[in-house]
1. Only one of these is surrounded by 10 or more Cβ atoms within 10 Å (Cβ to Cβ), hydrophobic (A, V, I, L, M, F, W, C) and in contact with a Ser or Thr (Cβ under 9 Å, 6 or more places away or on another chain): ALA66, ALA87, ALA35, ALA29. Name it.
Amino acid sequence: MRKIVLASAIAVSALGLAACSEQTEDNAADTMDSAAADTEANVDAMGDTMEDAANDTGEAMDNAGAEVEEATTEAEANIEGETKTEAAND
């Protein structure tokens, strides 16, 4: 009789562990899915941020180039005794 009770207790424990293990697997899968979704969202946001930064950098470079050209034309006009229009046409 004792062996039957012990065997039953072991069986119930094993089933309990199996159920717990299945629940744990489900929780782990849900956690992985959530982490993957978060990672995807963060990568998309990072890509958008990098694209915006690249566009801002391009605009800054264009503006800097225009400013250098303007300063060069003004310097040439002062050195040559010309107007800015004449210096820009040279």
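The values are calculated or read from the model by the stated rules, or taken from the named source; none is laboratory data. Model, not experiment: these values are computed from the prediction. Positions of Cβ are generated from backbone atoms using ideal geometry, with glycine treated the same way; all protein chains shown enter the neighbour counts.
1. On the way: ALA66 fails: in contact with a Ser or Thr (Cβ under 9 Å, 6 or more places away or on another chain); ALA35 fails: in contact with a Ser or Thr (Cβ under 9 Å, 6 or more places away or on another chain); ALA29 fails: in contact with a Ser or Thr (Cβ under 9 Å, 6 or more places away or on another chain).
Just a single option satisfies the conditions, and that option is ALA87.
One line per residue, one yes/no per condition, for (1) modelled with pLDDT under 90; (2) within 30 Å of ALA88 (Cβ to Cβ); (3) in contact with a Cys (Cβ under 7 Å, 6 or more places away or on another chain); (4) assigned to a helix (DSSP H, G or I):
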residue: THR24; (1), (2), (3), (4): yes, no, no, yes
residue: ASN27; (1), (2), (3), (4): yes, no, no, yes
residue: MET32; (1), (2), (3), (4): yes, no, no, yes
residue: ALA35; (1), (2), (3), (4): yes, no, no, yes
residue: ALA54; (1), (2), (3), (4): no, no, no, yes
residue: ASP62; (1), (2), (3), (4): no, yes, no, yes
residue: VAL68; (1), (2), (3), (4): no, yes, no, yes
